[in-house]
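Here the structure is laid out as structure tokens; the discussion comes afterwards.
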Amino acid sequence: MGANALPPSGSPRSVNSWRRALVAGAIGVLGAASALVTVSVPADAAASTLAAAAQQSGRYFGTAIASGKLGDGTYTGIANREFDMITAENEMKIDATEPQQGQFNFSSGDRIYNWATQNGKRMRGHTLAWHSQQPDWMRNMSGSSLRQAMINHINGVLNHYKGKIPYWDVVNEAYDDNNGGRRDSNLQRTGNDWIEVAFRTARAADPSAKLCYNDYNIDNWTWAKTQGVYNMVKDFKARGVPIDCVGLQSHFNSQSPYNSNYRTTISQFAALGVDVAITELDIQGGSASTYANVVNDCLAVSRCIGITVWGVRDSDSWLGANTSPLLFDSNGNKKAAYNSVLNALNAASPNPPTSPSPGTSPSPGTSPTPGGGTGSGPIRGVASGRCLDVPNASTSDGTALQIWDCNGQTNQTWSSTSAGEIRVYGNKCLDAAGTGNGAKIQIYSCWGGDNQKWRVNSDGSIQGVQSGLCLDAVGAGTGNGTQLQLYSCHGGNNQKWTWNR
């Protein structure tokens with residue numbers, strides 16, 4: 001690997017001259033022609049967007065978002081339509097969130113978080129501990145002072161986002177490209193246990209978040225770097241170090257190409273008892289067949305929980321538009337690679353990945369029983385006499401809830417768990433898509449966040465743990481199809497419910 005390795009994706013999005021040379025070489029080998037293939041609408045697609053297609057098999061399809069582009073209507077239109085998991089491109093990294101020691105700034109990160117949640121999307125947090133993009137004050141530290149600064153940073157960020165973000169890249173790019181050992185860095189020089197300390201600190205700070213290790217060039221199973229990370233994860237699982245997932249960045253080019261053993265890599269990590277996520281996918285040259293192969297490899301492993309592409313349009317890529325690495329061209333048009341991905345997702349059989357709560361380690365192949373509830377039954381509105389209902393018995397994440405004539409079907413049968421969740425279908429949770437008055441009430445895959453936890457009060461109200469607001473029939477409506485929202489608790493009958501379970 002070494003000189004052949006793709007530069008770290010998490011780097012600032014300026015591209016220096018040697019990266020430009022590498023990019024140019026990649027285009028020469030892969031060919032830009034693949035990006036110019038005529039795009040046709042997929043025939044007989046079961047779903048028409050990437051997110052909806054991925055949800056059919058219980059997965060997500062996400063993208064990286066830059067806060068400075070949220071004013072671009074084309075950019076946000078594509079992102080809102082196509083993706084259901086969002087990663088902040090740079091806005092939650094160390095230099096952005098703690099520019100001065102002990103002084104946190106979440107303005108840019110919150111802008112992305114608020115946009116995502118207001119549009120019914122979840123987020124991956126990126127990243128808490130990393131040798132790169134450190135602010136000056138941290139770069140100049142060493143030893144025990146740096147170790148404590150790392151701990152303080154993790155606590156500060158997770159205290160702000162506690163219960164709000166289901167996945168965090170706790171440690172990013174800590175392994176050397178050549179020998180399978182640790183990368184030399186100021187963090188590594190604080191002691192070889194720094195990664196373990198970071199994960200233990202993160203678990204204590206936010207027990208509900210899934211904690212991930214994220215790296216590039218760990219896609220090829222035969223490479224020393226892949227084996228080094230695999231052995232670390234294996235050791236952590238054996239010793240009870242809290243690690244829940246591994247992120248394969250999957251930046252593919254001619255010198256770090258997709259390999260047919262990629263599926264082996266995913267399955268081998270999954271067999272250790274962790275989820276696997278494809279976290280920063282881009283393919284220089286935009287090969288439609290390679291994109292399809294990547295998706296099919298994820299779909300073949302039940303614990304591959306989702307895919308994130310690193311940018312919306314080619315013009316948004318850190319690699320430059322001329323590398324044609326993404327699913328939409330610079331004008332926002334769908335490329336051939338988009339169709340290949342959508343078709344692959346639609347061809348998957350329904351197979352929701354098992355994703356146990358943080359801290360559990362089921363043996364590979366087992367499926368934890370959801371919930372641990374205390375009975376189930378319909379939730380009926382006092383004012384309307386109608387039941388809390390998932391329209392058309394949909395199982396798609398983000399489906400807005402309504403009230404409807406009670407019919408005893410599974411889409412109106414709700415169970416509670418000891419964690420305060422209210423579940424339907426066993427694996428979908430009553431979910432608030434925000435914390436303010438008017439926030440949408442929807443179903444979403446259960447992940448343990450406070451926006452999926454509820455208090456059932458003696459007066460019949462159902463109150464969000466995160467928001468303190470009540471489950472409310474919009475406009476005090478009582479008719480079929482009335483939507484549900486969060487609203488300030490006021491004791492009205494449109495906020496009172498009976499639950500026979």
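Straight Cα distances below 14 angstrom link LYS453 to the aspartates and glutamates GLU421, ASP431, with same-chain residues fewer than 8 positions distant left out. Considering region 109-194 at the alpha-carbon level, its Rg and Dmax are found to be 14.9, 44 Å. Backbone amide hydrogens, once placed in the peptide plane, bring GLN402 within less than 5 Å of ASP389, excluding anything fewer than 5 places away on its chain. Among beta bridges from DSSP that stay inside the chain, the antiparallel ones total about 50%.
Accessible area ranking (1.4 Å probe, heavy atoms, ligands and nucleic acids excluded), largest first, for SER458, SER340: SER458, SER340. Reducing region 87-128 and region 425-501 to their Cα centroids gives an inter-centroid distance of 27 Å. Structural size metrics of region 158-238, computed from C-alpha coordinates, are Rg and Dmax of 13.4, 40 Å. Placing a label point 7 Å from the Cα of ARG239 along the Cα-to-Cβ direction, the residues of region 168-191 with a backbone N closer than 18 Å are 170-172, 174-176, 181-183, 187-191. For region 187-213, the residues whose backbone nitrogen is under 14 Å from a point 7 Å from the Cα of SER144, taken along Cα to Cβ, are 190-191. Over the chain, accessible surface divided per residue gives 36 Å², non-protein components excluded, 1.4 Å probe. For the chain, the average shadow cast by the Cα convex hull is 22.6 nm², which is a quarter of the hull's surface. Checking the Cα-Cα distances for LYS164/LYS440; LYS69/LYS334; LYS210/LYS234; LYS121/LYS162; LYS93/LYS335 against a 25 Å cut-off, the pairs over it are LYS93/LYS335. Under the simplified labelling scheme, the CYS406-VAL382 pair shows an inter-label distance of 1.5 nm, with each label point 7 Å from Cα along Cα→Cβ.
The values are calculated or read from the model by the stated rules, or taken from the named source; none is laboratory data. Worth saying up front: this structure is predicted, and the values here are computed from it rather than measured. Quick reminder, even Gly has a Cβ in these numbers, built from the backbone with ideal geometry, and neighbours come from all protein chains shown. Side chains included, ligands, DNA and RNA excluded: accessible areas come from the protein's heavy atoms. Shrake-Rupley method; radii C 1.70, N 1.55, O 1.52, S 1.80 Å.
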